[in-house]
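Report on the following structure.
FYI, it's all coordinate maths here, none of it is from the lab. Because the structure is a prediction, the values reported are computed rather than measured. Counting neighbours? That spans all protein chains shown, and the Cβs are built from the backbone with ideal geometry, glycine included.
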């Protein structure tokens, strides 16, 4: 195991091993597990086990076959030897007694011996190719000749000729030659069986010992895999914990910074306001102009801080939502009316096209107003003439709200990054307040809290339509976003 | 007789213009820069309204609020709480401590004046 911990070089091997086993290891994350070695340790023994298993199986069947053949051959050869003896005895008895009965017996044994010989040759054809087999065969045929001739002689009454044939020296020699050949073949077959058994034994020993070596390796490899898995899990936990901590820290940092910014911002704003609204004495037009732009930017800064905090809260799911059944049309009307003076001061008309049969849905009133204000503000920012419309409709199991403008529209490339945080589309209409680049990202998050959706259709140069929809059945989302 | 407002705010850059504005409106304004002084002035001057910052030296705003509420003579005074912490938890803390209204910094001076008028009309 590759666990090097340089800070404590004197630690015992046991603690080192335990340490490397995982749970309390501090520098786990930086360490690479020897995956390649582990894979080899896994795959190799498994392959060895497979091949060796197959070998043992095969050897077992070989052994069965060898054994069967051996037994069968022994049986056949002892039968052949017996039948040979019976043939010789029958031929000799026929000659000695001149009794036809013995000739019949001889002719009865004859096919039996031929059948046994053929069976033996079929079982061990290799015995046929030996020199001994050839010699033996010749002897056998000659013996057969002598025997049949003698039997013929008995029938024709020439008993002395017959006797000379089967009791003569040639017959005995041939007989001896034949039985010697038989012994040699049996020996050859015996040796062959032994060598087969020997090689089977060797194969078995080889296979079993290979498996005996492979098995512990495999076990160790599996242990390694288990360790790797447990290490992976603990690593994951650690990483997740770290990520959570980072997120918490990021949140804490951002909210701290934002809060710390609020106090000086409040001071700046209040001091500017008191001069600007002439509570502290009169101003000339230039002074008022310059202070106005200071005020605009302070307002922008405080909007930015609020947006950052909002976005942060949404991102870390720390924002509370108060879901209540309400009339969306009423909310739209209220929001539009509050914006009407600003919109109409810019040479743009606003109109509403609201579905009177719009069903009530559950939503957080303040947050949805925030979404509507955002969309209306965007519409104002990018529209120099024409009209802005707000439309509400029921669409299947949702209610759908659209804010349409006749502004400059959005390029296709820009649409993709529209809902991303901190992205802004350049605005050629001068004099409009710059945004934070968070507005739509916040809107999208708010909608996702409501299990709703937000999207945009736009034609560059002709205007845009921003849509959002809220589902009718929001029972599941009633408690969404609890602290 | 002009109404008395106790303004508790440790940032003089915020309290000064606000006090100026309120005095212009005809209120009598007392400024406290920490929690203890706030309590002292509250009991001494018995203001008609308190504008209270949440984060204060010596004694936190919610504690000041609680102690004012606990007193029999000045317990009913309207309290407007100001804070830079805009999170929901602070909102709840402000309410349980007994503030009537809660405003986040930076606030609109006009909104604050309207709120003050609302409470003092009653």
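Based only on Cα atoms, what mean projected area does the convex hull of the range A:184-228 have, in nm²?
Working: hull surface 11.4 nm².
The directionally averaged projection comes out at 2.9 nm².
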Taking R0 as 30 Å, what's the FRET efficiency between residue A:51 and residue A:194 from their Cβ-Cβ distance, rounded to 0.05?
-> 0.70
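How large is the direction-averaged shadow of the alpha-carbon convex hull of the range A:326-398, in nm²? Spell out each step's value before the answer.
Values: hull surface 19.5 nm².
Reported value for the Cα convex hull: 4.9 nm².
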Quick numbers on chain B, Rg and Dmax over C-alpha atoms in Å, give 12.9, 39
Cα-Cα P(r), the protein assembly as shown, percent of pairs per 10 Å interval | 3, 11, 13, 12, 10, 7, 6, 5, 4, 5, 5, 5, 5, 4, 3, 1, 0, 0
Could you please rank B:1, A:339, placing first whichever residue has the fewest other Cβ atoms within 10 Å of its Cβ?
-> B:1, A:339
Computed over the Cα atoms of the range A:43-174, the Rg and Dmax in Å are 22.6, 84
What list do you get for A:138, A:204 if you sort them by fewest beta carbons within 10 Å?
-> A:138, A:204
Rank the residues A:55, A:76, A:165 as a footprinting-exposure proxy: fewest other Cβ atoms within 10 Å of their Cβ go first.
-> A:55, A:76, A:165
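Can you tell me the length gained on complete extension of the stretch residue A:225 to residue A:397, counting 0.36 nm per residue apart and subtracting the Cα distance? All intermediate terms of the calculation are to be shown ahead of the outcome.
Working: separation 172, 0.36 × 172 = 61.92 nm, distance 4.98 nm.
Result: 56.9 nm gained on full extension.
Taking the radius of gyration and the Kirkwood hydrodynamic radius from Cα positions alone, what is the Rg/Rh ratio for the range A:125-241, to two decimal places? Walk me through the intermediate numbers first.
Numbers: Rg = 35.0 Å, Rh = 20.6 Å.
Using only Cα positions, Rg/Rh for the range A:125-241 is 1.70.
So what's the convex hull volume per residue for the Cα atoms of the range A:219-289, in Å³? Let's see the in-between values first.
Numbers: hull volume 5.8 nm³, N = 71.
Here the figure is 82 Å³ per residue.
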Tail beyond 24 Å, pair distance distribution of the range A:294-419 (Cα, percent) = 40
Ratio Rg/Rh, restricted to the range A:313-360 and using Cα atoms, in which Rh is the Kirkwood radius = 1.14
Multiply the residue gap between residue A:126 and residue A:320 by 0.36 nm, knock off their C-alpha separation, and tell me the result in nm, one decimal place.
-> 60.5 nm
Before rounding to the nearest 500, sum -39500 (n - 2.57) across all DSSP H runs of length at least 4 in chain B and divide by the residue total; then give [θ] at 222 nm in deg cm²/dmol.
-> -14000 deg cm²/dmol
Determine the distance separating the Cα centre of the range A:336-409 from the Cα centre of the range A:209-249; give it in Å without decimals.
-> 55
With only helices counted (DSSP H, runs n ≥ 4, each -39500 (n - 2.57)), the per-residue ellipticity at 222 nm for chain A, to the nearest 500, works out to -24000 deg cm²/dmol
